[in-house]
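Just below is one structure, and these are the notes that go with it.
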């Protein structure tokens with residue numbers, strides 16, 4: 001089954017926001033086996049929207065629109081569907097009642113513009129929006145299915161995951177195309193060729209599920225995929241393969257599907273009933289910020305110290321003047337002292353530190369841009385790693401934070 | 001002049017990366033007055049790439065492709081242009097020599113695949129890539145101009161700004177269409193209607209430059225635009241209008257064009273010769289991370305403390321047990337104590353703090369999700385602001401960090 005994704009909004013064409021919705025929807029469709037060969041971005045313009053739908057419907061059964069469902073005259077997705085299919089927009093009384101109640105609960109009164117959102121091209125359905133006022137649209141017309149979801153990311157995600165994907169899975173079943181189920185294992189601290197070598201036999205023998213490797217900086221992903229009538233059967237097929245991969249690659253597998261490294265670290269800490277502190281120099285707070293992106297991080301994350309100046313390293317973390325003078329702030333000795341100091345100060349079970357040269361300036365022949373020391377202190381003592389990752393400041397911060405979090409994760413689960 | 005942007009890469013269609021290149025190029029084209037009415041994303045597939053170019057060239061003079069210029073068989077942008085225009089790919093000797101030297105300097109030897117990158121459809125030109133190995137393509141064919149730039153963001157940005165925009169400006173001049181020049185003032189801490197009111201006379205009388213307002217959460221932008229043969233004349237036209245706006249809106253203007261709030265804070269600190277420390281609870285290190293995204297931040301940023309636990313607030317910042325017991329960690333008193341503690345500890349001229357409830361859990365009727373206190377301490381004492389911004393955890397962290405940075409900026413420039 002083929003789909004095209006159409007992102008709607010002049011603000012996208014002006015580059016005022018990045019279109020993260022399109023990539024989210026792309027991932028979700030790929031995961032159930034719907035092929036996306038084209039994506040388009042169109043402004044808030046009726047003719048151009050209709051034109052895009054018209055050419056897209058010749059190539060794909062599913063046309064999935066994101067955005068343009070708001071209450072203003074600029075929001076034209078419903079109108080474009082009506083125009084294309086030559087079906088008049090009709091009001092949906094249940095949606096009107098819901099809109100009325102939504103506003104009443106907030107002590108406000110909906111206007112005619114709001115009620116525009118309760119209309120759908122005749123024969124279509126509105127998709128309930130549990131987190132906002134703009135319902136989605138589901139419209140079957142001749143051989144095409146037109147789906148429209150709202151642009152605000154939380155509303156889009158809720159509607160895609162809660163309503164669009166289950167319906168598309170059902171459709172794939174009915175059509176006999178088979179539903180694709182996937183499970184992606186995410187690995188850190190190993191290279192692609194290393195993974196390929198360790199899995200050589202498995203990769204050579206693969207039939208069902210299929211096994212594919214994907215690599216990006218600081219991450220390798222292994223995607224298991226199978227066509228199956230339901231999720232349970234797919235899960236049963238994946239389980240032994242995943243087990244074999246985990247036996248071979250052990251601690252490198254940090255998460256599954258959308259799980260980030262900060263989720264993995266949080267989970268490991270909760271499982272161990274342990275607490276964490278961090279001391280950062282070159283990452284400037286990014287490690288702490290990522291850890292605290294996870295709801296409930298206060299259960300295990302005690303404190304972070306962004307000791308950018310030498311004075312702060314001495315005062316807050318107790319790094320000695322001798323270390324700073326003889327070895328410098330970017331040194332094995334300083335990294336160790338920072339981690340030990342952060343652990344002692346916070347009373348955390350684990351404390352990690354990073355100190356390095358993010359660049360673009362500040363490098364020397366001895367200590368070039370991209371040099372970083374990462375340390376981890378726990379009850380058993382302190383270990384330090386040295387790495388050289390020359391890259392842009394932004395990429396450096398991202399990569400160092402990822403690898404420092406992985407260092408923490410590996411240590412916790414090794415206990 | 002109309003352009004369409006075509007992003008090339010199967011990894012985009014699978015949603016593995018967000019297409020930030022497309023928004024960057026969109027912003028740049030909008031800024032010089034080139035209209036982008038459609039953007040497309042296509043995978044690494046020759047037929048579909050040619051198909052997209054074929055339909056795009058009927059609608060727009062400029063077709064700007066991004067990606068697919070690498071050395072692997074998957075990289076098909078050059079081939080698609082050759083196929084569409086029926087011009088054979090020919091080698092460019094200067095580019096081959098440069099490729100050879102590039103590899104030699106690194107002690108390596110280029111392969112046949114690398115030399116593929118030195119080919120261009122006959123009659124076209126290669127655009128020099130000062131930061132990578134993939135040259136770009138510039139090809140005039142019948143009424144269309146086809147431009148291809150590499151996908152890695154630093155290479156794309158360098159080529160767009162350094163080569164593509166100057167050539168397009170020249171083209172706009174030659175065509176008599178006129179080059180659009182813009183200057184965008186970025187404001188924080190004021191609402192759109194407030195800005196509109198203050199600028200009412202200016203907006204009513206506007207002719208050249210045109211003045212437009214754009215609003216997004218926590219930011220208002222005022223865009224000045226004019227068509228002018230060169231940048232200097234445009235700048236002379238903008239200057240008095242900008243001065244009038246700055247007189248009316250004073251400190252609300254934090255930056256211009258692409259300048260972020262962290263850039264503005266850094267600039268204010270450097271100008272004042274002052275230093276900064278921050279103490280964060282609910283933003284979890286995001287403020288420190290944003291401040292340290294700016295190269296050279298070590299000149300003014302001394303230390304950040306992510307005091308997530310009450311113990312850390314007491315131990316590191318000297319918040320009293322009495323405050324935590326009687327008022328709680330999310331209180332005016334605690335915010336003030338955190339800022340004062342961070343200032344005293346670091347010796348910084350300014351110290352800011354934030355403490356709040358990011359959610360989704362942890363809210364109470366008295367202290368709901370979205371409540372935040374922000375404090376700023378300097379030599380004159382300490383002030384505290386209270387805000388309620390219920391939103392997702394991610395949006396909350398983003399907004400609080402933006403407003404805390406703005407609080408710092410305003411205080412510094414008021415001195």
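Laid out as a table, the results:
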{"item": "Restricting the range B:2-26 to residues that are touching a residue at least 60 places away in the same chain (Cβ under 8 Å) and surrounded by fewer than 19 Cβ atoms within 10 Å (Cβ to Cβ), the residue that is farthest from the other protein chains (Cβ to nearest Cβ)", "result": "B:2"}
{"item": "Members of the range B:67-104 that are assigned to a loop (DSSP other than H, G, I, E, B) and closer than 25 Å to residue B:157 by Cα", "result": "B:67, B:68, B:69, B:70, B:71, B:72, B:73, B:74, B:75, B:76, B:92"}
{"item": "Which numbered condition residue A:107 misses (of (1) touching a residue at least 40 places away in the same chain (Cβ under 8 Å); (2) exposed (fewer than 14 other Cβ atoms within 10 Å of the Cβ))", "result": "(1)"}
{"item": "Only one of A:256, A:265, A:270 that is closer than 30 Å to residue A:379 by Cα, surrounded by fewer than 21 Cβ atoms within 10 Å (Cβ to Cβ) and in contact (Cβ under 8 Å) with a residue 40 or more places away in the chain", "result": "A:256"}
{"item": "Which listed residue, of B:74, B:47, is exposed (fewer than 15 other Cβ atoms within 10 Å of the Cβ), in the same structural domain as residue B:139 (by TED's automatic domain parsing) and at pLDDT 95 or above", "result": "B:47"}
{"item": "Residue check for residue A:356: in the same structural domain as residue A:405 (by TED's automatic domain parsing) and more than 31 Å from the chain's Cα centre (by Cα)", "result": "no"}
{"item": "Residue in the range B:51-63 that is farthest from the chain's Cα centre (by Cα), counting only those that are more than 11 Å from chain A (Cβ to nearest Cβ), crowded, with 18+ Cβ neighbours inside 10 Å and more than 11 Å from residue B:8 (Cβ to Cβ)", "result": "B:57"}
{"item": "Qualifying residues in the range A:126-152 (those that are in contact with a helix residue (DSSP H, G or I) (Cβ under 6 Å, 6 or more places away or on another chain) and within 14 Å of another protein chain (Cβ to nearest Cβ)) - the one farthest from residue A:89 (Cα to Cα)", "result": "A:131"}
{"item": "Some residue of the range B:67-87 being in contact with a strand residue (DSSP E or B) (Cβ under 8 Å, 6 or more places away or on another chain), over 26 Å from residue A:33 (Cβ atoms) and facing chain A (nearest Cβ under 10 Å)", "result": "no"}
{"item": "3 or more residues farther than 22 Å from residue B:1 by Cβ and free of Cβ contacts under 8 Å to residues at least 24 places away in the same chain: qualifying strands (runs of 3 or more DSSP E) within the range B:165-240", "result": "B:210-216"}
{"item": "Lone unmet requirement of (1) touching a helix residue (DSSP H, G or I) at 6+ places or on another chain (Cβ under 9 Å); (2) at pLDDT 95 or above; (3) under 30 Å from residue A:176 (Cβ atoms) for residue A:60", "result": "(1)"}
{"item": "Hey, residue A:52 assigned to a strand (DSSP E or B) and either in contact with a strand residue (DSSP E or B) (Cβ under 7 Å, 6 or more places away or on another chain) or within 19 Å of residue B:22 (Cα to Cα) (or both) or not", "result": "no"}
{"item": "Residue match in the range B:72-90 (condition: over 30 Å from residue B:171 (Cα atoms) and in contact with a helix residue (DSSP H, G or I) (Cβ under 6 Å, 6 or more places away or on another chain))", "result": "no"}
{"item": "Test result for residue B:331, more than 27 Å from the chain's Cα centre (by Cα) and on the phi < 0 side of the Ramachandran plot", "result": "yes"}
{"item": "Any hit, the range B:263-283, residues being assigned by TED's automatic domain parsing to the domain that holds residue B:370, touching a helix residue (DSSP H, G or I) at 6+ places or on another chain (Cβ under 6 Å), assigned to a loop (DSSP other than H, G, I, E, B) and closer than 25 Å to residue A:338 by Cβ", "result": "yes"}
{"item": "Among the residues listed as A:95, A:91, the single one being in contact with a strand residue (DSSP E or B) (Cβ under 9 Å, 6 or more places away or on another chain), surrounded by fewer than 17 Cβ atoms within 10 Å (Cβ to Cβ) and over 26 Å from residue A:58 (Cα atoms)", "result": "A:91"}
{"item": "Residue check, residue B:185 over 25 Å from the mean Cα position of the chain (by Cα) and within 26 Å of residue B:236 (Cα to Cα)", "result": "no"}
{"item": "Among (1) within 7 Å of chain A (Cβ to nearest Cβ); (2) within 22 Å of residue B:223 (Cβ to Cβ) - the single one residue B:29 does not satisfy", "result": "(1)"}
{"item": "Unique match (being touching a helix residue (DSSP H, G or I) at 6+ places or on another chain (Cβ under 9 Å), modelled with pLDDT under 95, within 24 Å of residue B:171 (Cα to Cα) and buried (at least 16 other Cβ atoms within 10 Å of the Cβ)) among B:234, B:251, B:225", "result": "B:225"}
{"item": "Elements of type helices (runs of 4 or more DSSP H) in the range A:286-382, at least 1 residues being within 12 Å of chain B (Cβ to nearest Cβ)", "result": "A:286-291, A:310-317, A:332-346"}
{"item": "Test for residue B:89: is it assigned by TED's automatic domain parsing to the domain that holds residue B:162 and closer than 21 Å to residue B:166 by Cβ", "result": "no"}
{"item": "Any pair with Cβ under 8 angstrom, 6 or more apart, that starts in the range A:33-45 at a residue that is more than 7 Å from chain B (Cβ to nearest Cβ) and in a strand (DSSP E or B) and ends at one that is modelled with pLDDT of 95 or more and surrounded by fewer than 22 Cβ atoms within 10 Å (Cβ to Cβ)", "result": "A:35/A:2"}
{"item": "Test result for residue A:120, modelled with pLDDT of 95 or more and within 19 Å of residue A:159 (Cα to Cα)", "result": "yes"}
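Residues checked against (1) at pLDDT below 95; (2) surrounded by 18 or more Cβ atoms within 10 Å (Cβ to Cβ); (3) not assigned by TED's automatic domain parsing to the domain that holds residue B:225:
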{"residue": "B:116", "(1), (2), (3)": "yes, yes, yes"}
{"residue": "B:133", "(1), (2), (3)": "yes, yes, yes"}
{"residue": "B:170", "(1), (2), (3)": "yes, no, yes"}
{"residue": "B:194", "(1), (2), (3)": "yes, no, no"}
{"residue": "B:204", "(1), (2), (3)": "yes, no, no"}
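The values are calculated or read from the model by the stated rules, or taken from the named source; none is laboratory data. Note that the structure is a prediction, hence the values are computed from the model and not measured. Backbone-built Cβ (ideal geometry, glycine too); neighbour counts: all protein chains shown.
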